[in-house]
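The values are calculated or read from the model by the stated rules, or taken from the named source; none is laboratory data. Predicted model, so just to flag it, every value in this text is computed and none were measured. As a convention, Cβ positions derive from the backbone with ideal geometry for all residues, glycine included, and neighbour counts pool all protein chains shown. Surface accessibility is based on the protein's heavy atoms, side chains included, excluding ligands, DNA and RNA. Shrake-Rupley method; radii C 1.70, N 1.55, O 1.52, S 1.80 Å.
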Amino acid sequence: MVKREGKYWRVQIQRGGQLHSTTFATRAEAQAYEAKVIEDHKRKRTGAPAQYTLVEAFQRWALEELPNLKSKRATRNHANALLPFIRDNTPLEDISVVWEAYKRYALDPAKPKEKLPTGKQRITRSLSAGTINRKGAILRRIANLAFRSWKWLHTPVFIELLPEASRKREVFLTMDELNRLMAASHDPKFIRMIRILFYSGMRVGEALRVQVVNGTHFYLADTKNERSRSIKIHSAILEDAKHLPFGERYEYFQRRFKEARAAIGREDVTLHTLRHSFATHLLGRGVSLKTVSELLGHSSISITADIYGHVARNDLDMAIDRF
């Protein structure tokens, strides 16, 4: 039974003499879930073999699991990357076969050309192990649910993730290196971008979409974890903020950054390093991990601790030395 409750839709199902209730954001999602439950019941009653497809498993995961995740949009994008490798009749038991097929494609250094909206074409390069594993984590979760919770699989399916190289999270820029990086370019837009990233901790994509409120705060409505946040504009970039928006695409700044970093001999840094530099400098000045986590817009303080634990560790060591 599907009925509306305020802004949401509730599905009530009678199972084993007990009433089970599940809430969905839209009526279509609620009706799809109800239809799925009814179909499962018919299969059991008629004695038909419960041969589920991977598409059905994806649909159930998307209805029951995805809405509760903190980073729904990013997770949905990773899931969508797997769909071209799944046919409508792909058995759920072949989930590991799909994973192997996706890995081969993702690790291919020169994939088929992709047509851009401009009409031009580009070759998609191989993905990092971490990016590939995010897709594997979704398949692993679906396999575990299908075996343990849904009872759709009679035996467990193991999804082996790729080994990930340790990330260079301790790389950051000093104030002197920041100044040298800006001095290596004569492009005012690029210099403005570098300063804003360094003094705000925003991701590059966020900086390209940021709004300025009352000339005192940056406001981000469209973030990676779908939570809005506000950042006070540092005095060093008050003038820079007056010239926003940038009016250029990511590739524009990436190209100039590569030229500037080569000029100062720091090939190990990226535009994202400026975000790491922001956090590292704050932690080095005694700002709490929780505050830095909020400024960066992390969904959990554990993410911040994982990335910047080395800085916190140094602070603990120095605290003992000062005792």
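Annotations
- Sequence-distant residues sharing a close amide H with residue 217 (under 5 Å, placed H): 233
- Distance (nanometres) between label positions extended 7 Å along Cα→Cβ at residue 235 and residue 14: 7.1 nm
- Of all accessible heavy-atom area on the range 176-237, the percent that carbon and sulfur account for (1.4 Å): 49 percent
- 3J(HN,Hα) from dihedral phi, the range 289-303, Karplus parametrisation 6.51/-1.76/1.60, rounded to Hz, x for glycine, proline: 4, 5, 5, 4, 4, 5, 5, 7, x, 6, 6, 8, 5, 5, 5
- The distance from the alpha carbon centre of the range 195-235 to that of the range 132-149 is 34 Å, rounded to a whole number.
- Inter-label distance, residue 1 to residue 291: 5.4 nm, where each label sits 7 Å from its Cα along the C-beta direction.
- In a fully extended conformation the segment linking residue 217 and residue 252 would gain 10.1 nm over its present Cα-Cα distance, using 0.36 nm per residue.
- With the simple model of a label 7 Å out from the Cα in the direction of the Cβ, residue 158 to residue 302 spans 2.4 nm.
- Gyration tensor (alpha-carbon) shape descriptor, the range 203-260, a/c threshold 1.5: oblate
- Of 3/36; 135/224; 36/151; 72/103; 258/290; 103/258, those spanning more than 25 Å from alpha-carbon to alpha-carbon: 258/290; 103/258
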